1. If only Cα atoms are counted, what is the Rg of region 88-129, and what is its Dmax, in Å?
2. For region 328-380, with all protein chains present and a 1.4 Å probe, just round the carbon and sulfur fraction of the accessible area to a whole percent.
3. Along the charge dipole of region 268-380, which of 332, 321, 304 sits closest to the positive end, that is, farthest toward it, with unit charges on the beta carbon of Lys, Arg, Asp and Glu (+1, +1, -1, -1)?
4. Apply the a/c threshold of 1.5 to the C-alpha gyration tensor of region 61-203 and tell me whether it is rounded, prolate or oblate.
5. Let me check I have the definition right: for region 209-319, take the eigenvalues of the Cα gyration tensor, multiply each by 5, take square roots. What are those semi-axes in whole Å, largest first?
Amino acid sequence: MRQEEAARVGGREGGGGRPPVARGEVARSGNGGVRAVAAPRNGGAQAAPPRETAVGARDRAGLRPASRGEIIERARRWTEAGVPYDMERTWADGYRQDCSGFVSMAWGLPGNAWTGNLDDYAVRISHEELSPGDILLFHNAADPQTGSHVVIFGGWTDYTHTRYVAYEQTRPHAVRRVLDHPYPVNGDRYVPYRYRALAPGGGSGEEAAFPGRASFGPGATNAHVTRLGRMLVERGGARFYTDGPGARWGDADRRAVQAFQRAQGWAGKEADGLPGPHTWRLLVTGRGRDIPPPGTPSSHGVAGYPGRAAFRPGAKNAYVTQLGRQLVKKGYGRHYTDGPGPEWTDADRRAVQAFQRAQGWRGGAADGYPGPETWRRLFS
């Protein structure tokens, strides 16, 4: 979506800035269930925030733990269902159909919060610490119904951390889309937060949810294949499907998976078209690179090569780890004492230089910094 369109769609929120009205909150039935109740219409008038909203102070100490995988999965359900935006109504699960109700649902809060108190259930973090399941929150305290908004962070789309996958309840309905960081409108006023009751080890929950390799491949027919196809379509793989993703594994699934794997810079067995735990985790969390449009040239004409800026003193990113692991795999790991990591070190430079010299290169061609040809040969 173009930035100006994002501004038009997401820049005039206010649902999250509206303090909840008691009758519009989650109603609990006698057996502990949840039923949806419509709030009375008030003509758009702004009510003063009550002392306690639907999520009261007494509830905050007993928040329900949620892993990152669970948060993203709940958000995905609303985006797939296309839940309509509505500041005064609640969805079938009992949560209000605006941006703060969306976050309340994804975090599993006991009721509906609003942008004015979502931070009570979170801890403030830095933008560099953002991970799937965290939020970017803007609350306009001076005029809550003007601009106040919140989105769920789904993962960076590239190593420069300039764009990210967002799960968002906005007009006309819940969407998953890629946005410029931090937000196209009032971006400097968005503050990152993390759910206070994030389950320990929640970052690995997505990988743990991998249904297993037996769920995919020739002859497989199950709901996991359907979900895989839908995630691939969201990541740019729609062109591989003529009839849309389905439950039966087909060549379209294999080609779409392979295109996604190659977009990550993988080759050989790592890009065989069959999803493993790593492929699944990237798709579920919205991380990694999207499948490029047909005919899009890769960086420097070499698939997966992120550019020289990714490898220099002070660099810290996933490509450094990927490079180091491939060097070890190729037999150039003797310079690592602790194993490859995301931070560029002299061990990386010396390992790259050893590989370059093995190609017969000397001088500037063997300076220890990977260029496109070094990358191509390493991953071919």
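1. Every Cα atom of region 88-129 included, Rg and Dmax give 11.3, 35 Å.
2. Of all accessible area on region 328-380, carbon and sulfur atoms account for 45 percent.
3. 332
4. Numbers: a/c = 1.23, a/b = 1.08, b/c = 1.13.
Rounded.
5. Equivalent ellipsoid of region 209-319: 27, 15, 11 Å, largest first.
The values are calculated or read from the model by the stated rules, or taken from the named source; none is laboratory data. These numbers were taken from a predicted model, which means no experiment stands behind them. FYI the Cβ positions are ideal-geometry reconstructions off the backbone, even for glycines, and counts take in every protein chain you see. The accessibility values were calculated without ligands, DNA or RNA, using every heavy atom of the protein model including side chains. Shrake-Rupley method; radii C 1.70, N 1.55, O 1.52, S 1.80 Å.
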